[in-house]
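Report on the following structure.
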Amino acid sequence: MRTSPLWSQWRLPLPTHALQSRMMRARRGSSRASMSVSAETRGDKHHAGTGEKSLPKRETGAFQKLPMVMPSIDILSSAKRKARNVTPTKGIANIAKRERNKAAKHLDALMKELAVPLREYKENFPKKQFLHPYERALIELTFGEGKYEQVLGRVDSLRKKVLFVGKQHASLCAQSQTKREAEERLNEGLKKVEEVFQLERKAVEDLIYVAKMLRAMPVVDPETPTLCLVGAPNVGKSSLVRILSTGKPEVCNYPFTTRGILMGHIVINYERFQVTDTPGLLTRHDDDRNNLERLTLAVLTHLPTAVLYVHDLTGECGTSPADQFITYKEIKERFLGHLWVDVVSKCDLLQDPLSSFTADDLERYKNLGPDGAIRVSVKSEVGISELKDKVHDLLLSQMARVKGEEIKRAC
């Protein structure tokens, strides 16, 4: 609280209420300072004990924040145009000195105009080690192990070569003894810098491809509770996503329609949830799976997912019920801790099961599906209302689980 001019001018004692207010603020400030020091001390002790430095906060949604990458030909054209506009330093009367000054500045400008955007790309593309595990998996599955880092490394290598050659020839220009010598060295330097850039400019084009592929990926919030539809190819997952969410995936009658992760959203009690339609899984060992199948497993592994497993017992999907049963048991066992609901699709094409039917697990699965499975038909809308209610309950439970884990981490 600021004192009025009267109190300040005559230095009279503060009124009682003002004095009390000042003392309270002083105590609060002291308390905050001690708390801050205490927190810093605890942090220092923690790092001293572990010998580790604190890491930057993990990035999420990084693919939607990628910088725009200019084509290499545009970078070169822009750099050459700006470098040509460079003028010599004012006040140099000697012609030879003025020309070598201009030549050195010309080369220096070209070198920097080429290097600056390359440096910005290297700095502004996300570091893979700081990404969410799901986003790291997407990069590896899309480009291959280590390819993302290689492209960024080549861009940075091109930057360093341009700087090296540019500085080298700018220095030669600065040592010229005559105007003609300065002009010759400038032309030679411009040619060399352009040759270096042209020779390895493919690194920039590869980075444009990387940015294009990453931006095209569906926007997935790695922290938002997610319903993941899983099953063999062509069992009806995409059709269910259309019914359950805002997602509008392509629906066609051929295997591997889903070429990536397709996203939709559901709003329940003012809470927003994600719904993913994932590529189909076949019955085979993990080492033999293609990248689309590995993408499905990455969603289950790295996102806070509840599973809606879709079974097609009609034989229309191209994967036999026997093979679906094998894959189902493997995935269910691997992700045992996930909240789960089973759905038998296309039930309008199935015969009504006998309530007294008993047999071994496989035969029972072929006729009834997993125990407790919801039988649905998109065409006749059988079971859709029940499925929506079940999905809503499942996602609210998943939300409670996610918030509980956040509280544990905070403690």
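We did not get these values from a lab; they are worked out from the coordinates using the rules stated. Small disclaimer: the values here were computed from a predicted structure and weren't measured. FYI the Cβ positions are ideal-geometry reconstructions off the backbone, even for glycines, and counts take in every protein chain you see.
Of L396, L186, L214, the sequence from fewest to most neighbouring Cβ atoms within 10 angstrom is L396, L214, L186. How large is the translational diffusion coefficient of the range 135-292 in µm² per second when you combine the Kirkwood radius over alpha carbon pairs with Stokes-Einstein at 4 °C and 1.567 mPa s? It comes out at roughly 65 µm²/s. Counting Lys and Arg as +1 and Asp and Glu as -1 over every other residue whose Cβ lies under 11 Å from the Cβ of N234, the net charge comes to 0. Rounded to the nearest 20, the Cβ-based charge dipole of the range 226-410 about its Cα centre (Lys and Arg +1, Asp and Glu -1) stands at 600 debye. Taking the fewest neighbouring Cβ atoms within 10 Å as the starting point, the ordered list for V210, V241 is V210, V241. Identify, among A137, L118, V162, the residue whose Cα sits farthest towards the positive end of the charge dipole of the range 116-162, taking +1 on the Cβ of Lys and Arg and -1 on the Cβ of Asp and Glu, with the dipole about the Cα centre. It is V162. Taking one quarter of the surface of the convex hull spanned by the alpha-carbon atoms of the range 266-320 gives a direction-averaged projected area of 5.1 nm². According to the calculation over all Cα-Cα pairs in the range 226-410, the P(r) per 5 Å bin from zero is 1, 8, 17, 22, 21, 16, 9, 5, 1, 0, 0 %. Using the Cβ of V307 as centre and a radius below 10 Å, the other residues enclosed give a net charge of 0, where K and R count +1 and D and E count -1. When both the range 101-156 and the range 376-399 are represented by their alpha-carbon centers, they are found 45 Å apart.
The separation of the range 285-317 from the range 161-199, counted between C-alpha centres, amounts to 57 Å. Convex hull volume of the Cα atoms of the range 62-215, normalised per residue: 103 Å³.
For the range 330-411, chymotrypsin sites (Phe, Trp or Tyr not before Pro) meeting the loop criterion (DSSP other than H, G, I, E, B) and having at most 13 other Cβ atoms within 10 Å: F357. Here the residues R136, R272, R100, ranked from fewest to most Cβ neighbours within 10 Å of their Cβ, fall in the order R272, R136, R100. Consider all pairwise Cα distances in the range 300-411 and report the whole-number % of them above 22 Å. Across the range 300-411, Cα pairs with separations above 22 Å total 41 percent.
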